[in-house]
Amino acid sequence: MLKKTHSIIALILIVNLQITCAILFFHPYIINWGATDKIVNASLFGDNYAEKIRSTRAITINGTKDNVWECLIYMGADRKGFYSYYFLEYLFGCKVNEHNSSKEKTIKVGRLVPIKSMDKSGKYTEGFKVVAIKDKQALVLQGWGTFFIKNQNNNTVQLIIRTHGKKSNNFIQKLKNKFFDVLHYVMEKRMLLGIKDKIETNDKNYTVTTDTIWIFTIIVNIFIGLVMVFVSEHVYKIIVPTFIFIIIQFFSFVLNPNPFLGILLTSITLGVVFLYLKKR
């Protein structure tokens, strides 16, 4: 009973350490992933719709402005989804309607970009409304932010996503916003990578299979870390799981999703467990 109590206390401490680590070290990185200081500080079309700028992320794509704009037009559960983790999109109700995806080639102010499939009445009711468009350069989604395409040269463009948000009035709200930032980053980063992959390789690098393996390895490593909280002894209840979870955060937030990196992460985690067992 005493050992179980120690494990629960250790788990609470570890969770708080991980939250602190994410906020202090990873949060500043993820809110401006891929964006230079010049882009972060620049004024963009649609800024006037934001009460507060939550993040500015960018990715360089070998393609044309038309290529990227076409991907933006096809966003939504009624078209081609959000180019992110298909498994997670499906889990949250975004079942892509492939029947309509090839028919719609325009986007207008007032369009609802649905995040979930049709309801029982056959209508899309949940999503982001298009509130502003700068043809083939930018669009603004209410509740999300600005998608801006910047020409680099004839064969290279930069896609910038600037997320809008509301000002935080208290500490709890600020903490919730930072937690949301992390979850939003995971999906939005994969979205940017997905659009890049679609244009450059026709979806060869990121597939349902590669995403599933990546997500599965992350879940497995989290499980291993949790198990080590309860089976480790003394101060190692904190040291071993803390190290494992920090490594998981690094792989999840800094590195790009890749099944081979997932396997490498699992190998590192199992190596840490082996060293602990050997020392024990």
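In this entry, Ser252 is excluded by the filter for residues that are touching a Pro at 6+ places or on another chain (Cβ under 8 Å) and surrounded by 17 or more Cβ atoms within 10 Å (Cβ to Cβ).
Being of a type in the set (Val, Ile, Thr) and either closer than 25 Å to Tyr83 by Cβ or buried (at least 18 other Cβ atoms within 10 Å of the Cβ) (or both): is that true of Ile239 here? Spelling it out, it is not the case that Ile239 is of a type in the set (Val, Ile, Thr) and either closer than 25 Å to Tyr83 by Cβ or buried (at least 18 other Cβ atoms within 10 Å of the Cβ) (or both). Residue-level check: of (1) surrounded by 13 or more Cβ atoms within 10 Å (Cβ to Cβ); (2) more than 30 Å from Leu24 (Cβ to Cβ), Gly145 misses just (2). Just one of the numbered conditions (1) in contact (Cβ under 8 Å) with a residue 40 or more places away in the chain; (2) farther than 20 Å from Asp66 by Cβ; (3) in contact with a Phe, Trp or Tyr (Cβ under 7 Å, 6 or more places away or on another chain); (4) of a type outside the set (Lys, Arg) is not true of Thr146: (2).
For every residue, the table says whether it meets (1) within 21 Å of Leu255 (Cβ to Cβ); (2) exposed (fewer than 15 other Cβ atoms within 10 Å of the Cβ).
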| position | (1), (2) |
| --- | --- |
| Ala10 | no, no |
| Gln18 | yes, no |
| Cys21 | yes, no |
| Leu24 | yes, yes |
| Ile30 | yes, no |
| Ser55 | yes, no |
| Ile61 | yes, no |
| Asn67 | no, no |
| Tyr83 | yes, no |
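What about Thr60, is it in contact with a helix residue (DSSP H, G or I) (Cβ under 6 Å, 6 or more places away or on another chain) and outside the structural domain of Lys237 (by TED's automatic domain parsing)?
Values: in contact with a helix residue (DSSP H, G or I) (Cβ under 6 Å, 6 or more places away or on another chain): no; outside the structural domain of Lys237 (by TED's automatic domain parsing): yes.
Answer is no for this residue.
The values are calculated or read from the model by the stated rules, or taken from the named source; none is laboratory data. These numbers were taken from a predicted model, which means no experiment stands behind them. Here Cβ is always computed from backbone atoms with ideal geometry, including for glycine, and neighbour counts include all displayed protein chains.
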